[in-house]
Structure formats: C-alpha cells, structure tokens
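Chemist: Take this structure, written in structure tokens, and hold onto it; I'll ask about it next.
FYI, it's all coordinate maths here, none of it is from the lab. A quick note: this is a predicted structure, and the numbers were derived from the prediction, not measured. Note that we place each Cβ from the backbone using ideal geometry, even for glycine, and neighbour counts take in every protein chain shown.
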Amino acid sequence: MKETYQDIKLTKDGMIATITIDRPHVLNAISFHTMLEIDEALDAIESEESVRVVVLTGAGTKAFVSGGDISVMGKSLQYVQTLTEVPKGQDVGTRIENFPKPVIARINGYALGGGTELALCCDIRIAVDSAKMGMPEVKLGIIPGYGGTQRLPRLIGVGRAKELILTGDHIPAQRALEYGLVNRVVPVAELDQTVAEMARKMASCGPVSLHMAKTAINNGLQADLRTALELEARCYSLCFATEDRVEGMNAFLEKRKPNFHGR
C-alpha cells in the first residue's frame, strides 16, 4: 500500500484498513484532490486480500469532515471546472457505496456538507455524541454536489431530507440517530471500541458473502421488487459456488470458527 498522501492517511491493523482525512488545519474539509486520494487508497485496499473491512474517519477530535474546502471553492473553482470535477467526486462516493468490502464511517465530530455526503456513502455510520451533521450548502449559494440530494432522501425520507437541505440546519448526533442518519451514537470514550467491535464482527464473516449482500441491497433498492428478488437469488447462488460457503457450513456443523479465504 502507498505510504504517503497529502490529504489522507492510510493505515492497516490486521484485517481492518483505516482511511483518515488528515487536514486538521481546515477541520478536515475536503477538496477535489482529497477525493482523488481517497480513490487511490481504495485502489490499494481493494487489491489487498488481507483487508476485510474499511473505516473512514477524520483526524483529531473536532471533525470527521467539516465540509468542502471553501478556501479553494470560493477562490478558484469555476463553472466549467465543476462540470468535470463534481461527477468525478460523485464517482468516488459511489465507489465507497459499492466497495466490495464493508465501509464504516467513524464520525468523530462535525460532519457537514461533504462530510455528511461521505458518511452517506458508507455502509454503517457510528457517531460520537458530540457530533453535528447537516448540509449547509444553500447558505453558501450552492447545493450538495456529492450525492447529498439523492442519498439523504433515500435514507431518511423526502420530508426530513428537504428540511435539512433547504434550511441548511445542523442537527445533533442524537437527532441524526432518530432520523436513521446514523446507526449508533456513543460517548467519545467508547467510539474507538464500538467501531473496532463492529469492524471485527464484519471481518470475521465471509468476504464474498459480504460483497454479495452489499450488491443485493444496493442494486435491489434501485429496482422493482421482482427484479430485486431475482438479483438476490443470483447473489445467493453465487455464494454457493465459493469455497467460503463450504468452509462456513462445515465450521457450523463442526462447532468451530470458520477460516474464510475470500474465494
């Protein structure tokens, strides 16, 4: 794996890789370059068979991602440039969403604008109880551009999504939990343990089955029920063609832990 990046850090601990957005001087605000580096890190992780789960987080204790880097957006970003960069940034978010390995958002503080959008791309969102979330873009004369107007209503419903996007309001972590925007809210002292336990639990499962489950859910949600059920059946059947399925079922019958190899 590449060792040095400008805007992020990529680390590995056993079967868990962590991508840390490391721009504390701007509360981890992201630029287009940050998104490109996240994409590079995903390239490295995807080809690393020993990595089973990915954690996405921000450096420090104040912010996950505080939003887009306004110092860049306000000074140099122009209309024609956005036509190229925004779709590419969206592609990175879609890659996170459909990544073959589970991705957990460790929300350690402010997750605003692009921060909420990045979190929405992850499979599981675990937030510290002091976190704030929201999409304040309309207060800057723009709108969410990295999938927020599409993923947020799909997750929490159209009414609540429009309220957050059209007011630009920030909401506390507990309300984000009530809305279904995050999966869990924990005290700061429990954040790392909670994320690690979730990651280890997923990493102990069959890698192919995790991939197939994500594929069935994500693609099925975009289809009618009959088509989605057909997709589920195909994903289910593909699991039966793997060594992991044999190992998992044998381990169950033999009352031992399975030793999955992702094939």
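Chemist: For Ala251 and Gln81 in one chain, what is 0.36 nm times their gap in residues minus the Cα-Cα distance, to one decimal in nm?
Modeler: 55.8 nm
Chemist: Stretch Glu178-Thr4 to full length: gain in nm at 0.36 nm per residue minus the Cα-Cα span?
Modeler: On the way: separation 174, 0.36 × 174 = 62.64 nm, distance 3.85 nm.
Once the chain is fully extended between Glu178 and Thr4, it gains 58.8 nm.
Chemist: While we're on this one: Which far-off residues, 5 or more places away or on another chain, put their amide H under 5 Å from the one on Tyr110, with H placed in the peptide plane?
Modeler: Ala63, Phe64, Lys132
Chemist: What distance in nm lies between label points placed 7 Å from Cα along the C-beta direction at Glu190 and Cys239?
Modeler: 3.0 nm
Chemist: Related question: Within 10 Å of each candidate Cβ there may be at most 12 other Cβ atoms; applying that plus a DSSP loop requirement, which GluC sites (Glu not before Pro) in the stretch 167-205 survive?
Modeler: none
Chemist: Could you pull out the pairs from Lys201/Lys257; Lys9/Lys88; Lys132/Lys162; Lys88/Lys201; Lys139/Lys162; Lys162/Lys214 whose alpha carbons sit more than 23 Å apart here?
Modeler: With Cα atoms farther than 23 Å apart: Lys88/Lys201; Lys162/Lys214.
Chemist: Would you mind classifying the stretch 84-181 by shape? Square roots of the alpha carbon gyration tensor eigenvalues, ordered a ≥ b ≥ c; an a/c under 1.5 is rounded, otherwise it is prolate if a/b is larger than b/c and oblate if not.
Modeler: oblate
Chemist: Using the Karplus curve 6.51 cos²θ - 1.76 cosθ + 1.60 with θ = phi - 60°, work out ³J(HN,Hα) for each residue of the stretch 184-189 in order, rounded to whole Hz, and write x for Gly and Pro.
Modeler: Values, residue by residue: 8, 10, 9, x, 4, 5 Hz.
Chemist: Give the residues of the stretch 50-71 whose amide nitrogen is closer than 19 Å to a point set 7 Å from the Cα of Asp129 in the direction of its Cβ.
Modeler: Answer for this model: 61-64.
Chemist: Next question. Let me have the 222 nm mean residue ellipticity of the chain computed from DSSP H runs of 4+ only, each contributing -39500 (n - 2.57), with the sum over all residues rounded to the nearest 500. Show your work: numbers first, answer last.
Modeler: On the way: 11 runs with 128 residues, N = 263.
Per the formula, -15000 deg cm²/dmol.
Chemist: How big, in percent, is the set of alpha carbon pairs in the stretch 146-189 lying more than 11 Å apart?
Modeler: 66 percent
Chemist: Check cross-link reach from Lys255 to the aspartates and glutamates: straight Cα distance under 20 Å, and skip same-chain residues fewer than eight apart.
Modeler: Glu243, Asp244, Glu247
Chemist: Can you list, largest first and rounded to whole Å, the semi-axes you get for the stretch 181-254 by taking the square root of 5 times each eigenvalue of its Cα gyration tensor?
Modeler: On the way: eigenvalues 155, 92, 11 Å².
After scaling each eigenvalue by five and taking roots: 28, 21, 7 Å.
Chemist: If you take every DSSP beta bridge whose two residues both sit in the chain, what share of them, in percent to the nearest 5, is antiparallel?
Modeler: Approximately 30 percent, going by the DSSP bridge assignments.
Chemist: Quick one: Debye curve from the C-alpha atoms of the chain, no solvent, what's log10 I(q)/I(0) at q = 0.15 Å⁻¹?
Modeler: Here log10 of I(q) over I(0) equals -1.12.
Chemist: Let me ask another. Cβ neighbours within 10 Å, averaged per peptide: list 247-258, 51-62, 105-116 in order, most packed at the top.
Modeler: Put in order of decreasing packing, that is 105-116, 51-62, 247-258.
Chemist: Does the stretch 1-145 come out rounded, prolate or oblate by the C-alpha gyration tensor, with a ≥ b ≥ c the root eigenvalues, rounded set by a/c under 1.5 and, if not, prolate when a/b is larger than b/c and oblate if not?
Modeler: Verdict is prolate for the stretch 1-145.
Chemist: Can you give the FRET efficiency to the nearest 0.05 for Lys139 and Glu49, using r as the Cβ-Cβ distance and R₀ = 45 Å?
Modeler: Once the sixth-power term is evaluated, E becomes 0.50.
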